[in-house]
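Only the coordinates and a few stated rules stand behind these numbers; no lab work does. As the structure is a prediction and not an experimental result, all values here were calculated from the model. As a convention, Cβ positions derive from the backbone with ideal geometry for all residues, glycine included, and neighbour counts pool all protein chains shown.
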Amino acid sequence: TAYRRQRQMCIRDSSDTITSADEIVATFDVTHRDRLGDYDVLYCSPDGTVDGDGTRENPLDVYSAVGFVDMGKEVVALEGTYKMTKAFSIPLANTGASGHWKTLRADDGATVIFDMQDTYEGMTLDGYYWHIKGIEFRNSGDNLKCYHLGGSNNIIEDCSFHDNGDMGLQISRTYSTDDRSLWPSNNLILN
């Protein structure tokens with residue numbers, strides 16, 4: 001479906017301004033879901049789908065689970081190799097808050113692999129207050145980063161990055177700005 005909307009720069013504080021109001025046209029798929037109910041954990045699996053309900057028995061795909069998770073909640077990735085079919089992005093609009101982190105972690109004792117299949121760019125994390133734990137990221141495409149951390153106040157724990165077409169883990173801005181206060185900061189890379 002084609003949608004028309006006004007382009008706006010994401011405003012992070014009162015000193016930011018909209019830089020352009022030029023009209024753009026974008027085509028994308030939209031899946032509307034009613035609220036998933038009361039939950040603390042959403043589950044995803046390599047075979048999960050957007051039609052799942054986020055339970056262990058009926059998991060979501062990882063893209064949907066990360067998009068649906070509320071602040072202070074977590075996504076638990078079940079055992080297996082997730083053969084990624086597109087770049088994986090957590091945009092700035094998908095942000096937690098201090099004391100209300102969003103979490104994406106491997107299930108207890110599980111081996112969870114996000115495999116970019118030598119084709120796709122891996123995860124781009126622009127969101128704030130995310131805790132990513134226990135996931136192996138591998139096989140990004142030629143000259144494509146495996147994990148690009150552009151947000152602030154995140155924890156990347158017990159993750160590995162290997163066999164990629166470019167950098168494994170990179171921490172740098174993901175959009176153009178010379179304002180250093182908007183560059184990634186206060187991130188912890190642990191173990």
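Observations on the model:
- Where a label projected 7 Å from the Cα of L188 along Cα→Cβ would reach, residues of the range 136-174 with amide N under 16 Å: 152-159
- Tensor-based shape of the range 61-115 (alpha-carbon gyration tensor, a/c under 1.5 rounded, otherwise prolate or oblate): oblate
- For the range 134-191: rounded, prolate or oblate by the Cα gyration tensor [a/c cutoff 1.5]: oblate
- Long-range tail of P(r) for the range 46-145 (Cα pairs > 18 Å, %): 46
- Taking 20 Å as the straight-line reach from the Cα of K73, the aspartates and glutamates in range (excluding those fewer than 8 positions away in the same chain) are D34, D38, D40, D51, D53, E57, D61, D107, D108, D126, E157, D158.
- Restraint check, K102/K133; K102/K145; K86/K145, Cα-Cα greater than 19 Å: K102/K145
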